[in-house]
Structures are given as C-alpha cells and as structure tokens.
Amino acid sequence: MCKLISATFLRLKKSALFYVFILGLIVSGCCMGLSVSTENAEVPLDGILFQFHPLIGVILAVFISLFIGTEYSDGTIRNKLVVGHSRSAVYFSNLIVCSCVAIIFSLAYIMPVAIIGIIKGGVFVSGLSAICFYVICALLIGISNTSLMLLIAVSINNKAYSAVICVILAIATLFCASTINQRLSEPEMYDSYVGVNEFGVPTAVEKMPNPKYVDGTNRQVLEFLNDALPSGQAIQLAGKFDSEEAANGNSFQYPLNWVEYAIAFSAILTVIGLATFKKKDIK
C-alpha cells in the first residue's frame, strides 16, 4: 500500500496538468487578494476567501479523469495488479493521492487570498474559529468531489470518455445545486410597496404570498440535497459570509451537518467505487 502511494505521488510530481492547475489557482488567488482596496475602510476578506469553491468539482473532474485515465491507457493499473497488489490497495492509493490533490488545489487559492489580502489591510471579521471551520469544510468538499470523480474514472477505461462524463456530471450537479439554492432563497411573502396606477395615483400594495416559495416536504427535501451535495455546500460556502451574521461576527452558526454529510457522502461513494473496481474487467 505504501509503495503504491509513493509510486502514485511520484507520477503526480511528473504531471504537467497538476502544476498548471496549481499555478492557475495561485494566480487567481493572488488576483483576488490584490483586488482588496482599503482606501475608505478595512475590507473583510471572509467574502472572497471561498469564491472559487463552486468550481472545485469541475477542476477535480478534469484532473482526476485524466490522471486515472492515463493509468488505464498506459497499462499502469494492469501492471499493479499483475505484480500482486490487491484491487483495494490500488483503489485506496489513488483515493488518498487524489484527495491530497483536492486539498492542495483548495489551499492553492485560499492561502494567496488570505496572505495578500492581509498584507493589503484586509481583515477576517468572522473570527479565526469560524474561518478555520469553513476551511475544513472546503477541504471536505474537495474530498467529497474526489470520491465521486474517482468512482466515475475507475469505471471507464477510455480517458476521453471519462473526462467528458466527469466534466458533464460536475457541471450538472453544480447547475442543480444552484437551482436548489435559488429556490430555497425565494421569500415566503413579497414585501408591501407603493405603486402608481394607470391614473398616476399612488396605491399601497400589501404583502402577498410568493408563488415560487417552496414549503412543506418539498422544502425539507431541497434543504437536505442542498446540504448533502458537495456542489450545494460549495455554493453556500461561497456566499456564506455575505450575510449580516457573518459581517458582525456574533453568534455565528456552524453547520456541523456539512461535515457529517461530507464524510457520509465520501464513505458511501468509496464503498460503491471499490465494489465497482473489484468487479471491473481490467484488459
């Protein structure tokens, strides 16, 4: 197992795509940090720290599908099995390395934003404990996406097909999560306002129900999906610090269910992926 992990990390060190993504994320993080302006007042960094995270699933979809697909096309996986390594060891070694990649990608953006933002005078108004908690959530979201993409990647021998399916799946889940988040954000009632009728007379309009508001069992289902899916967590994380609660840093709520869902999501998909890989015909 240790030899497999070492060999996979060695192959990772030689991957040009790995360094391209890291460089791109570092540059994006630096640009976001440099965008902080403190001419009038101290700028909170909380709101920009996780702005890229909804895209982490797409990034990992591209990298993992090509990284694992190359093992199939080059015969690396077949050779690992021929020399006596178990399929479980091969799967878990890839899972560990790809999970480390997800963590590195996340930190490659977060750290430049934080460092450059602080240098430019930005501050974290939510408190260190809140920031640390959400950094952990961000890393777990990356690992959850890894378990999903690895499941797809090991199920398909063809590297091109694997990449296309992984990217489409990542975009589809991101779109679904965005739609769910938008539906849950709909207010229950429209606020009252004063309008002007066709004769130019001001007319008061009272509060009225919003037909797009979701309630009851449907809302519970959407809330579960929004919190359980990695893409849903990522979208919520990107906008988490836009609220007044985060702005004043008081009585900040920690969604501990995110951690539980992320761990459960990763564990379930790992079991499914391992079972699929054990039954797969490796040519």
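The values are calculated or read from the model by the stated rules, or taken from the named source; none is laboratory data. The structure presented is a predicted model; accordingly, all values stated were derived computationally and were not measured. Cβ sites come from the backbone with ideal geometry, for glycine too, and all protein chains shown count toward neighbours. Side chains are part of the model used for accessible areas, which takes the heavy atoms of the whole protein and leaves out ligands, DNA and RNA. Shrake-Rupley method; radii C 1.70, N 1.55, O 1.52, S 1.80 Å.
Give me the accessible area per residue for the chain, probe 1.4 Å, as a whole number in Å². The partial results should precede the final answer.
Numbers: 14560 Å² over 283 residues.
Per-residue value: 51 Å².
Mind ordering 131-144, 80-93 by average Cβ neighbours within 10 Å, highest first? Before the final figure, lay out each step's value.
Numbers: 131-144: 21.4, 80-93: 15.6.
My ranking of the peptides, most packed first, is 131-144, 80-93.
Figure the gain on full extension for Q182 and R78 (residue separation times 0.36 nm, minus the Cα-Cα span) and round it to one decimal in nm. Numbers along the way, then the final one.
Working: separation 104, 0.36 × 104 = 37.44 nm, distance 4.54 nm.
Answer, rounded to one decimal: 32.9 nm.
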How much of the accessible area of the chain, in percent, comes from carbon and sulfur atoms when a 1.4 Å probe is used?
65 percent
Pick from V271, V36, V125 the residue whose mean-square fluctuation is largest in a GNM of the chain, springs joining Cα atoms under 10 Å.
V271
Over the chain, what relative contact order in percent results from Cα pairs under 8 Å that are six or more residues apart?
27 percent
If one takes the longest principal axis of the Cα atoms in the chain, at what angle in degrees, from 0 to 90 and to the nearest 10, does the Cα axis of helix 56-73 lie?
10 degrees
Inter-label distance for T217 and K14, nm, one decimal - labels placed 7 Å from Cα along Cα-to-Cβ:
5.6 nm
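Find, among the GluC sites (Glu not before Pro) in the stretch 1-92, those assigned to loop by DSSP (not H, G, I, E, B) with at most 16 other beta-carbon atoms within 10 angstrom. All intermediate terms of the calculation are to be shown ahead of the outcome.
Numbers: sites: E39, E42, E71; in loops: E39, E42.
Passing both the DSSP loop test and the Cβ count: E39, E42.
For F105, F175, F124, give me the order by solvent-accessible area with a 1.4 Å probe, most accessible first, ignoring ligands, DNA and RNA.
Numbers: F105 0, F175 140, F124 65 Å².
Most to least solvent-accessible, the answer reads F175, F124, F105.
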Env charge @ K14, Cβ radius under 15 Å, K,R +1 / D,E -1, value 0
Roughly how big is the stretch 1-120's charge dipole about its Cα centre, with Cβ charges of +1 (Lys, Arg) and -1 (Asp, Glu), in debye to the nearest 20?
720 debye
Based solely on its DSSP helices, what 222 nm [θ] is calculated for the chain when runs of n ≥ 4 H residues each add -39,500 (n - 2.57) and the sum is averaged over all residues, nearest 500 deg cm²/dmol?
-23500 deg cm²/dmol
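Which net charge results for the neighbourhood of L229, defined as the other residues with beta-carbon distances under 15 angstrom from its beta-carbon, given Lys and Arg at +1 and Asp and Glu at -1?
On the way: positive: R183; negative: E223, D227, E260.
So the environment of L229 carries a net charge of -2.
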